[in-house]
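The structure follows.
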Amino acid sequence: MKTIWIVDGAYLLQACKPFGKMDYIKLKANLESENGTEFFENYYLNSTSNPPTDEQDAFHTWLKSAPPRGPKMRVQLYKLKEFSINCPTCSNNIIREVQKGVDVGITTLLLKLASQGQYDRVILAAGDGDFEDAIQYAKSELHKEIWICGFDGSISANLQSYADRVIWLDDRWDQIKR
């Protein structure tokens, strides 16, 4: 069975914080073992500051590196968008950076590759219910198998309801932690 792995980088970073740091090489090996074969392709999508920090650049380069040095993932990065609000209490202008485009990128990738017949199974490391329509379409109309992996309490019930399988990473923490 041809399987791809798609990672929402911001989701995994935030969802694993209560546990500590995760090792992407160990996570990939664990999921490939569960899958029964190596992944056909691996994708990591996230946003990054503009310009990215040296630490971010190094991490993204490492993600692209082939085993045994790295997990060999295709990295797609989007720019953070500045968002400005006035604080109602102090009237100060607060500028925050927010992720923009990653969910659309994941949805587009998931559906594009499914319609091209590039996979039979997708393992999606994400928890956002916004992916519901995309995975429902990939499953019902394109007949793809959908696995969702993530942490307890961070995966939308809507995603769980369409998943052929949910892999709870907190149950595997000892095997995937850094």
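Read-outs throughout are calculated quantities, based only on the coordinates presented, and are distinct from any laboratory measurement. Predicted, not measured: the structure shown is a model, and the values here were computed from it. Here the Cβ positions follow ideal geometry from the backbone for every residue, glycine too, while neighbour counts run over all protein chains shown.
Of the listed peptides 73-79, 54-60, what is their order by residue-averaged count of other C-beta atoms within 10 Å, with the highest listed first?
Per-residue Cβ counts within 10 Å, averaged per peptide and sorted highest first, yield 73-79, 54-60.
Compute the signed sum of charges (Lys and Arg +1, Asp and Glu -1) over the other residues within less than 14 Å, Cβ to Cβ, of Arg172.
The answer is -2.
What ³J(HN,Hα) values, in whole Hz, does the Karplus curve 6.51 cos²θ - 1.76 cosθ + 1.60 give for the stretch 13-25 when θ = phi - 60°, with x put for Gly and Pro?
4, 6, 5, 8, 3, x, 9, x, 9, 9, 9, 5, 5
Distance between the C-alpha centers of the stretch 27-65 and the stretch 120-178? Whole Å please.
Measuring centre to centre over Cα atoms gives 17 Å.
So if each residue of separation counts as 0.36 nm, and I subtract the Cα-Cα distance between Lys26 and Arg74, what length gain in nm does that give?
15.6 nm is the gain from fully extending Lys26 to Arg74.
May I pose another question? When the Karplus curve 6.51 cos²θ - 1.76 cosθ + 1.60 is applied with θ = phi - 60°, which whole-Hz ³J(HN,Hα) does each residue of the stretch 163-173 get, with x for Gly and Pro?
3J(HN,Hα) across the stretch 163-173, in whole Hz: 6, 6, 7, 10, 9, 8, 5, 5, 6, 10, 3.
If you don't mind, another one. Any idea what the relative contact order of the chain is, in percent, if you count C-alpha pairs under 8 Å spaced at least 6 apart?
Taking the mean separation of contacting Cα pairs over the length of the chain, I get 26 percent.
Sticking with this one: Taking amide H atoms as placed 1.01 Å from N in the peptide plane, list the residues 5 or more away in sequence, or in a different chain, whose amide H sits under 5 Å from that of Leu80.
Here the answer is Thr48, Asn50, since their amide H atoms fall under 5 Å of that of Leu80.
Rank Phe131, Trp5, Thr61 by how far each Cα sits towards the positive end of the charge dipole of the chain (+1 on Lys, Arg Cβ; -1 on Asp, Glu Cβ) and give me just the farthest.
Selected residue: Thr61.
Using modelled backbone amide H atoms (1.01 Å from N, in-plane), which distant-in-sequence or interchain residues come within less than 5 Å of Lys177's amide H?
Asp23
A follow-up question, please. Would you work out the charge dipole size for the stretch 42-138 about its Cα centre, treating the Cβ of every Lys and Arg as +1 and the Cβ of every Asp and Glu as -1, and quote it to the nearest 20 debye?
Values: 10 positive and 11 negative charges, 73 e Å.
Computed charge dipole of the stretch 42-138: roughly 340 debye.
Let me ask something additional. In which sequence would Arg121, Arg172, Arg165, Arg69 go, from the one with the fewest C-beta neighbours within 10 Å to the one with the most? Don't skip to the end; give the middle numbers.
On the way: Arg121 19, Arg172 16, Arg165 12, Arg69 9.
Listed from fewest to most nearby Cβ atoms, that is Arg69, Arg165, Arg172, Arg121.
Could I ask something else about it? I'd like the Karplus ³J(HN,Hα) series for the stretch 146-158: coefficients 6.51, -1.76, 1.60, θ = phi - 60°, whole numbers in Hz, and an x wherever there's a Gly or Pro.
So the J values, rounded to whole Hz, are 10, 10, 10, 10, x, 9, 4, x, 10, 10, 3, 4, 5.
Sort Cys87, Cys16, Cys149 by Cβ crowding within 10 Å, fewest neighbours at the top.
Details: Cys87 9, Cys16 21, Cys149 24.
Least to most surrounded, the residues fall as Cys87, Cys16, Cys149.
5 Å is the cut-off here: which amide hydrogens, built 1.01 Å from N in the peptide plane, fall below it relative to Cys149, excluding neighbours closer than 5 in sequence?
Those qualifying (amide H under 5 Å, at least 5 residues apart or on another chain) are Leu124, Ala125, Ala126, Ile167.
Set the bar at 24 Å for Cα to Cα. Now go through Lys64/Lys100; Lys64/Lys177; Lys2/Lys26 and name every pair that lies beyond it.
Pairs exceeding 24 Å: none.
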